[in-house]
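The next block holds one structure in the form of structure tokens; read it before the comments.
The values are calculated or read from the model by the stated rules, or taken from the named source; none is laboratory data. This one's a predicted model, so the numbers in the text were calculated from it and none came from an experiment. As a convention, Cβ positions derive from the backbone with ideal geometry for all residues, glycine included, and neighbour counts pool all protein chains shown. For accessibility, only protein heavy atoms count, side chains too; no ligands or nucleic acids. Shrake-Rupley method; radii C 1.70, N 1.55, O 1.52, S 1.80 Å.
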Amino acid sequence: MRSSIHRPTRIIVNLESIRRNIRNLRDHVGSDPMVYAVVKANSYGHGSVRVAHAVQGLVDGFCVSNLDEALELRENNIFENILVLSGISPRDAKLALEENISLTIPSVEWLLQVIDENREEDLSGLKLHIKFDSGMGRIGVRCVEDINEIIEIIDKYNFTFDGIFTHFATADEASQTKFEQQEHAFKSALAGMERRPHFIHSTNSAASLWHPDTIEDIIRFGDAMYGLNPSCGNIELPFELEPALTLESELSHVKLLEEGETVGYGATYTTDSDIFVGTLPIGYADGWTRNMQGFDVLIDGKRMPIIGRVSMDQITIQLDQEYPLGTKVTLIGKNGNDVITVDDVANKRGTINYEVVCLLSDRIYRTYINE
Ligand SMILES: *Cc1c(COP(=O)(O)O)cnc(C)c1O
């Protein structure tokens with residue numbers, strides 16, 4: 001879908017904030033691990049190609065969640081290492097090899113299928129990372145026997161044993177118990193591994209911030225790179241992160257409603273006095289979900305409540321006075337002396353900041369500052 005370039009609703013991404021978050025992370029961890037920018041899901045809604053170009057040179061590689069996201073980067077001249085974090089369809093392995101994209105082995109069975117479905121192809125050199133399930137319960141092998149069986153297959157077929165990695169379920173929580181269990185399981189598996197791959201890695205944003213002593217070869221840096229706190233504010237940050245994303249719109253309509261009139265579908269809101277009501281061209285089709293009813297937006301540094309139901313393409317807000325058409329409205333970000341954070345939106349919805357930014361749809365035009 002083409003983004004709505006002529007509509008005044010826009011995401012503004014400050015690319016320098018993203019770069020600063022990476023530099024500050026490198027200072028924080030002190031040692032010199034590689035950093036892979038996690039740009040899956042359109043860079044958590046920030047725009048994967050633009051973000052990737054902005055951080056090229058500052059990072060050592062990229063992580064995505066599927067093959068198409070990787071191919072999009074290659075088509076846009078991103079020549080660094082790219083790792084696909086989930087298991088792709090085995091039949092597409094050749095495409096990954098041709099584009100020098102590293103794949104994740106989620107199971108022995110997957111690897112055997114890759115071989116089986118590409119019998120006619122020469123896949124030698126295919127770069128593979130074994131996923132070890134240390135306690136996430138999602139993809140990955142669970143025992144050292146599977147790891148060593150995979151290594152034997154890798155050697156037999158001349159694949160490249162590029163890496164082994166695991167993923168933490170609770171690195172963003174204050175309690176250490178589960179994290180330490182997973183770390184221990186991973187270390188035990190590594191100890192029984194027949195030989196070492198190029199890269200061992202387990203660190204996501206949360207682990208890089210709060211467990212920097214556990215970093216191995218690569219940090220897979222996602223949420224925090226965009227300036228978001230992976231614990232959604234539950235754990236204090238060791239250094240300041242700069243949120244990169246602002247969401248703005250403009251008043252597209254202003255009217256005076258008299259006392260006793262209703263606003264929106266379902267007539268869920270009735271005015272209790274004469275008030276000015278403003279309309280903004282954004283709705284649930286943009287990822288501004290229906291449960292944002294009752295939340296605020298900012299005009300001139302002042303909070304204005306969203307009244308009535310959120311429609312597909314529009315929301316209505318109560319104004320404290322008449323404003324001209326085209327007045328700037330901030331939905332996420334700073335406006336005057338006030339700010340609405342992604343965490344504020346997430347708290348209102350009972351979700352996490354990751355989901356808020358990922359849901360911002362392709363219809364919203366994205367614009368970039370500090371290329
Ligand atoms: C998404 C993802 C990451 C990045 O996580 P953040 O919390 O955003 O840093 C790292 N590793 C894997 C396997 C992932 O799926």
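How far, in nm, would the chain grow between Thr367 and Val49 when pulled straight, counting 0.36 nm per residue and subtracting the alpha carbon separation?
Net length gain for the segment: 113.2 nm.
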Quiz item: Over the Cα atoms of region 245-369, Rg to Rh with Kirkwood Rh, two decimal places?
Solution: 0.95
Quiz prompt | Vicinal HN-Hα couplings computed from phi for region 83-90 (Karplus, 6.51 cos²θ - 1.76 cosθ + 1.60; Hz; Gly/Pro x) | solution = 10, 8, 7, 10, x, 8, 5, x
Practice problem: Taking a cut-off of 13 Å between Cα atoms, list the aspartates and glutamates near Lys348, but don't count ones fewer than 8 places away on the same chain. | Solution: Asp296
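Using 22 Å as the Cα-Cα cut-off, could you pick out the over-long pairs in Lys156/Lys187; Lys94/Lys131; Lys94/Lys127?
On the way: Lys156/Lys187 26 Å; Lys94/Lys131 20 Å; Lys94/Lys127 11 Å.
Violating the 22 Å Cα-Cα cut-off are Lys156/Lys187.
How big is the C-alpha Rg of region 33-226 next to the rule-of-thumb value 2.2 N^0.38 Å, as a ratio? Write out the running numbers ahead of the final one.
Details: Rg = 16.1 Å, N = 194, 2.2 N^0.38 = 16.3 Å.
Here the Cα radius of gyration is 0.99 times the empirical estimate.
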Quiz item: Of all the accessible heavy-atom surface of the chain, with the other protein chains kept in place and a 1.4 Å probe, what percent is carbon and sulfur?
Solution: 45 percent
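If Lys40, Lys156 are ordered by their accessible area, calculated over protein heavy atoms with a 1.4 Å probe, which sequence runs from highest to lowest?
Details: Lys40 65, Lys156 155 Å².
Highest to lowest solvent-accessible surface, that is Lys156, Lys40.
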Exercise. Report Arg23's accessible area, 1.4 Å probe, all protein chains in place, as a number in Å² to the nearest 10.
Key: 100 Å²
Quiz item: To the nearest 10 Å², what's Tyr157's accessible area with a 1.4 Å probe?
Solution: 90 Å²
Quiz item: Which of rounded, prolate, oblate describes region 329-371, given a ≥ b ≥ c as roots of the alpha-carbon gyration tensor eigenvalues and a/c under 1.5 marking rounded, otherwise prolate only if a/b is larger than b/c?
Solution: oblate
Quiz item: Using alpha carbons only, how many degrees (0 to 90, rounded to 10) separate the axis of helix 15-29 from the longest principal axis of the chain?
Solution: 50 degrees
Self-check item: Principal-axis tilt of helix 144-156 within the chain, Cα atoms, nearest 10 degrees
Solution: 70 degrees
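What's the magnitude of the charge dipole for region 13-78 around its Cα centre, counting Lys and Arg as +1 and Asp and Glu as -1 at the beta-carbon? Answer in Debye, nearest 20. Don't skip to the end; give the middle numbers.
Working: 7 positive and 8 negative charges, 43 e Å.
Dipole magnitude for region 13-78 comes out near 200 debye.
Leaving out ligands and nucleic acids, and using a 1.4 Å probe, what accessible area per residue does the chain come to in Å²?
On the way: 16170 Å² over 371 residues.
Per residue, the chain has an accessible area of 44 Å².
What is the extension gain from Asp122 to Lys94, computed as 0.36 nm multiplied by their sequence separation minus the C-alpha to C-alpha distance, in nm to one decimal?
Numbers: separation 28, 0.36 × 28 = 10.08 nm, distance 0.82 nm.
Fully extending the segment from Asp122 to Lys94 adds 9.3 nm.
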Quiz prompt | Backbone N under 20 Å from the Ser86 label point (7 Å along Cα→Cβ), restricted to region 11-48 | solution = 37-48
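Give me the percent of Cα-Cα pairs in the chain that sit more than 30 Å apart, rounded to a whole number. Write down the numbers at each step before the final one.
Values: 31321 of 68635 pairs.
Counting pairs separated by more than 30 Å, the tail of P(r) holds 46 percent.
So what is the calculated 222 nm ellipticity per residue for the chain, using -39500 (n - 2.57) for each DSSP H run with n of 4 or more, over all residues, to the nearest 500 deg cm²/dmol? It would help to have the intermediate numbers written out before the result.
Working: 11 runs with 102 residues, N = 371.
For the chain, the value works out to -8000 deg cm²/dmol.
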Quiz item: Under a point-charge model restricted to the Cβ atoms of Lys and Arg (+1) and Asp and Glu (-1), what is the dipole moment magnitude of the chain relative to its Cα centre, in debye to the nearest 20?
Solution: 400 debye
